[in-house]
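Notes follow once the structure below has been shown.
The values are calculated or read from the model by the stated rules, or taken from the named source; none is laboratory data. Bear in mind that the values here come from a model prediction, so they are computed numbers and not experimental data. Cβ placement follows ideal geometry from the backbone for every residue including glycine, while neighbour counts extend to all protein chains displayed.
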Amino acid sequence: MTDGSGSGQHGGTLLFLTDDHLRKGIEAMFFAYKGFTSDPDRILEMRGYGRAHHRAIHFIHRSHGTTVNNLLAILGVTKQSLNRVLRTLIEDGLVESQIGTRDKRERHLYLTAEGLTLERELTDAQQARVRDAFRAAGPEAVAGFRAVLEAMMDPDMRHLYQKLTEAAR
């Protein structure tokens, strides 16, 4: 909230909202994303996988027993695209699909022991990078970074994110 003098709710100016600062933020996100994905990309490439496989593995691990429909909602991809990724992961022995006990139309997804090993390797690589960045930035910057990321999410994605983070508590 501003007081009309150009200062923000924390007493600072709104200069961080200039086009130049916004462009620098966008560019920083592009370069940070490149760094964030580079280590997992190398691991995935050795297996002939891509980022779609990584995202599926990550969220199957985060929501053990998730349904295909829930994974579709989280990833925001087409059923055809997800089925291609899942077929590969299942054939390669990384993911197991089980028919639902309450609803036989549902398929529940689980990582196998090999899938858990790959998930851990991918996560370890990303956690090391994020841990170093968080340590360098400090707790206030980390809290601000999370607030910015959450504010950038579409409302339906924010809702899914909040459900995931609440389930992890």
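Some points to look at:
- Selection of the stretch 60-70 for residues being in contact (Cβ under 8 Å) with a residue 40 or more places away in the chain and either on the phi < 0 side of the Ramachandran plot or buried (at least 16 other Cβ atoms within 10 Å of the Cβ) (or both) yields I60, H61, R62, S63, H64, T66, T67, V68.
- Scanning the stretch 39-59 for residues that are surrounded by 17 or more Cβ atoms within 10 Å (Cβ to Cβ) and either more than 15 Å from the chain's Cα centre (by Cα) or not assigned by TED's automatic domain parsing to the domain that holds R120 (or both) yields L44, Y49.
- Residue within the stretch 46-57 that is among the β-branched types (V, I, T), in contact with a helix residue (DSSP H, G or I) (Cβ under 6 Å, 6 or more places away or on another chain) and within 14 Å of L89 (Cα to Cα) present: yes
- Of the residues examined, S5 is not one that is over 17 Å from L86 (Cα atoms) and modelled with pLDDT of 95 or more.
- Those residues of the stretch 21-48 which are touching a residue at least 12 places away in the same chain (Cβ under 8 Å) and at positive phi, in sequence order: none
- Only one of the numbered conditions (1) under 18 Å from L75 (Cα atoms); (2) modelled with pLDDT of 95 or more is not met by E150, and that is (2).
- For E119, the conditions (1) assigned to a helix (DSSP H, G or I); (2) charged (D, E, K, R); (3) exposed (fewer than 13 other Cβ atoms within 10 Å of the Cβ) all hold with the exception of (3).
- In the stretch 87-116, the residues that are in a strand (DSSP E or B), surrounded by 12 or more Cβ atoms within 10 Å (Cβ to Cβ) and hydrophobic (A, V, I, L, M, F, W, C): V95, L109, L111
- Condition met for G144 (at positive phi and modelled with pLDDT of 95 or more): no
- Pair list, Cβ under 9 Å, 6 or more apart: the stretch 123-136 residue modelled with pLDDT of 95 or more, other residue exposed (fewer than 12 other Cβ atoms within 10 Å of the Cβ) and charged (D, E, K, R): A125/R42
- Some residue of the stretch 66-79 being farther than 26 Å from K34 by Cα and not in a helix (DSSP H, G or I): yes
- Scan the stretch 85-106 for residues that are within 18 Å of G48 (Cβ to Cβ) and in contact (Cβ under 8 Å) with a residue 24 or more places away in the chain and the total you get is 7.
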